[in-house]
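Undergrad: Below are the structure tokens for one structure; questions will follow.
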Ligand code: PMV
């Protein structure tokens, strides 16, 4: 099992003789990709085909508390509700934990508080897995670098590799078969005034997970061939935009990247479509407003809601056009 080998390489003796604290507690923020992770070169290790780049939503994410318990299975409580043992989320979390306990028998009660909608394309799995890894670090007193934490979280959910920092984060795809060079890194650049707004369109549970949608796209989409080139190009443009604080370059590149990802899904068979009629209405409205001179762009993940990108000085205007928008300052100052 490749996953276990990676865990053993990172944790070494800490895995066989875990030093146990009373409990572990940690928070990890949501991250929204501006250049998307779309497609895996290794499904077990969640190794991506391409590098990606995200920005975090500070203070939005998952707070995870874990403790050992006497039961022979893990329990997961999400926002004060005990989840059914056969729910997809519990199975994924528990399978992830299995890889850490091949040599020691323990089970956890996991309590997650999330202040974003769960599994609605808002990267809730990313912040859950990142906060779980941080809580385990706390519980087992692991001494690990962010690079190692990022590698561990990636094996739970790919995009979780990017959920350890506020601000901009780049996840290097890496080349190695064991993924030791596939980890995320914080970009030490602030962009005061940059904002993201969550436009809630239909925040119910999504019909198809990102994992399934990726697999289906790779298996059947002829356009996917052009994705790695597009992603590499967009990543370079986004880094240029961030370093020169060029908002139009940032917004335009992020929007085009998201639309290209969705184009690969639409051209898969059977087709995958995360747009609802309201998504398209909102997109057209954004394009019209942009034609009229408003600096407003969007990105979209595997759900119908949009995330709008704009600068603080346009916030009032944007909010007038989208009163339901939940605007978030991406940087402190
Ligand atoms: O990490 P996953 O399996 O939830 O996939 C995330 C996929 C996207 O959100 C669509 C893109 C991304 O880079 O976050």
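All of the numbers you see were taken from the coordinates with simple rules; none came from a lab. Please read all numbers here as calculations on a predicted model, not as lab measurements. In this analysis, Cβ positions are derived from the backbone assuming ideal geometry, glycine residues included, and neighbour counts consider all displayed protein chains.
Undergrad: So what's the angle, to the nearest 10 degrees on a 0 to 90 scale, between helix 88-98 and the longest Cα principal axis of the chain?
TA: Helix 88-98 sits at roughly 50 degrees to that axis.
Undergrad: Would you please classify the overall shape of the stretch 248-333 from the alpha carbon gyration tensor, given that a ≥ b ≥ c denote the square roots of the eigenvalues, rounded means a/c under 1.5, and beyond that prolate means a/b larger than b/c while oblate covers the rest?
TA: On the way: a/c = 1.95, a/b = 1.78, b/c = 1.10.
It comes out prolate by the Cα gyration axes.
Undergrad: How large is the helix-only mean residue ellipticity at 222 nm for the chain, computed as the sum of -39500 (n - 2.57) over DSSP H runs with n ≥ 4, divided by its residue count, in deg cm²/dmol to the nearest 500?
TA: Working: 10 runs with 122 residues, N = 333.
The helix-only estimate for the chain comes to -11500 deg cm²/dmol at 222 nm.
Undergrad: GNM, the chain, Cα, under 10 Å: largest mean-square fluctuation among 179, 197, 21?
TA: Greatest mean-square fluctuation among the candidates belongs to 21.
Undergrad: OK, next. Output the 0 to 90 degree angle, nearest 10, between the alpha-carbon long axis of helix 227-244 and the longest principal axis computed from the alpha carbons of the chain.
TA: Once rounded, one gets 80 degrees.
Undergrad: Taking only Cα atoms and a 10 Å spring cutoff, compute GNM fluctuations for the chain and point out the largest among 35, 273, 127.
TA: Maximum fluctuation in the GNM of the chain, among the listed residues, is at 273.
Undergrad: Which whole-percent values make up P(r) of the chain when all C-alpha to C-alpha distances are grouped in 10 Å steps starting at zero?
TA: The calculated distribution, bin by bin, is 6, 27, 35, 23, 9, 1, 0.
Undergrad: Expressed as an acute angle from 0 to 90° and rounded to the nearest 10, what is the orientation of the C-alpha long axis of helix 277-291 relative to the principal long axis of the chain?
TA: 50 degrees
Undergrad: For a distance above 13 Å, tell me the whole-number percent of Cα pairs in the stretch 249-290 that qualify. Mind showing how you got there, number by number?
TA: Values: 542 of 861 pairs.
That tail contains 63 percent of the Cα-Cα pairs.
Undergrad: Which semi-axis lengths, in whole Å and largest first, follow from the square roots of five times the eigenvalues of the Cα gyration tensor of the stretch 81-187? It would help to have the intermediate numbers written out before the result.
TA: Details: eigenvalues 98, 65, 34 Å².
One finds semi-axes of 22, 18, 13 Å for the stretch 81-187.
Undergrad: How many nm is it between the label spots at residue 327 and residue 208, if each spot is 7 Å from the Cα in line with the beta carbon?
TA: 3.5 nm
Undergrad: Exposure proxy check: 110, 6 ranked by fewest other beta carbons within 10 Å? Kindly include the intermediate steps, with their values, before the conclusion.
TA: Numbers: 110 25, 6 21.
So the ranking, lowest neighbour count to highest, is 6, 110.
Undergrad: Please report, for the Cα atoms of the stretch 174-333, the Rg to one decimal and the Dmax as a whole number; what are they, in angstrom?
TA: Cα only, the stretch 174-333: 16.8, 50 Å (Rg, Dmax).
Undergrad: Also, I was wondering about something else. Would you list 164, 247 from fewest to most Cβ contacts within 10 Å? Write out the running numbers ahead of the final one.
TA: On the way: 164 26, 247 18.
So the residues, fewest neighbours to most, are 247, 164.
Undergrad: Follow-up. Taking the beta-carbon count within 10 Å as an exposure proxy, list 105, 98 from fewest neighbours to most.
TA: On the way: 105 7, 98 13.
Starting with the residue having the fewest Cβ neighbours, the order is 105, 98.
Undergrad: GNM on the chain, C-alpha springs below 10 Å: top fluctuator among 157, 72, 131?
TA: Checking each option, the largest mean-square fluctuation is seen for 72.
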